[in-house]
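The values are calculated or read from the model by the stated rules, or taken from the named source; none is laboratory data. The model shown is predicted, which means the values in this text are computed figures rather than measured ones. Positions of Cβ are backbone-derived with ideal geometry, glycine not excepted, and every protein chain shown enters the neighbour counts.
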Amino acid sequence: MFVLMSWIRSQQIKAYVPQALQEIPHLLILENEQQVPLGFMGIAGNHLEMLFISNEERGKGYGKELLAYGIANYGVRQLAVNEQNPSAQGFYEALGFRVYKRTELDEQGNPYPLLYMKLADESPFISK
């Protein structure tokens, strides 16, 4: 099932994207052999700010590949995920992230609860 956003909400998101990208010091884009983007992630400090994979490319390991690269090369250890996106939460939990904090509002003050997650010691990405 999917939900269509209202036109007003979609305009708010479009207006926010350029501002959000200005605040992301590391934007990494995953491309195929034909240089077609498959997904991207944004990193600020040790925080994963965004991770998106094209709908057609989901389930092929690209999200895991990008995240593993971010952990190994940029020290990603934290992220925030919208509580209303249980599949994303499950993805991060499967890779060793654990919820340590919940907020009622998102970072823009909208009523979208966020779950803050940290990479746990038992993550498959942590060398023992």
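Close contacts from the range 87-98, counting a first residue that is touching a residue at least 24 places away in the same chain (Cβ under 8 Å) and surrounded by 15 or more Cβ atoms within 10 Å (Cβ to Cβ) and a second that is part of a helix (DSSP H, G or I) and basic (Lys, Arg), with Cβ to Cβ under 7 Å and a gap of 6+ residues or different chains, come to LEU95/LYS64. Give the range 66-75 a look and list any residue that's among the hydrophobic types (A, V, I, L, M, F, W, C), buried (at least 16 other Cβ atoms within 10 Å of the Cβ) and under 16 Å from ILE53 (Cβ atoms), or say none. Result: LEU66, LEU67.
State whether the residues of the range 113-120 include one that is surrounded by fewer than 17 Cβ atoms within 10 Å (Cβ to Cβ), touching a Gly at 6+ places or on another chain (Cβ under 9 Å) and either in contact (Cβ under 8 Å) with a residue 60 or more places away in the chain or not aromatic (Phe, Trp, Tyr) (or both). Checked the range 113-120: at least one residue is surrounded by fewer than 17 Cβ atoms within 10 Å (Cβ to Cβ), touching a Gly at 6+ places or on another chain (Cβ under 9 Å) and either in contact (Cβ under 8 Å) with a residue 60 or more places away in the chain or not aromatic (Phe, Trp, Tyr) (or both).
LEU48 satisfies every condition listed in (1) of a type in the set (A, V, I, L, M, F, W, C); (2) over 12 Å from the mean Cα position of the chain (by Cα); (3) buried (at least 18 other Cβ atoms within 10 Å of the Cβ) except (2). For the range 112-125, taking the residues that are farther than 17 Å from ALA88 by Cα and within 19 Å of the chain's Cα centre (by Cα), the one that is modelled with the highest pLDDT is identified as PRO124. Among the residues that make up the range 89-106, is at least one of them in contact with a helix residue (DSSP H, G or I) (Cβ under 7 Å, 6 or more places away or on another chain) and modelled with pLDDT of 90 or more? Among the residues of the range 89-106, at least one is in contact with a helix residue (DSSP H, G or I) (Cβ under 7 Å, 6 or more places away or on another chain) and modelled with pLDDT of 90 or more, which makes the answer yes.
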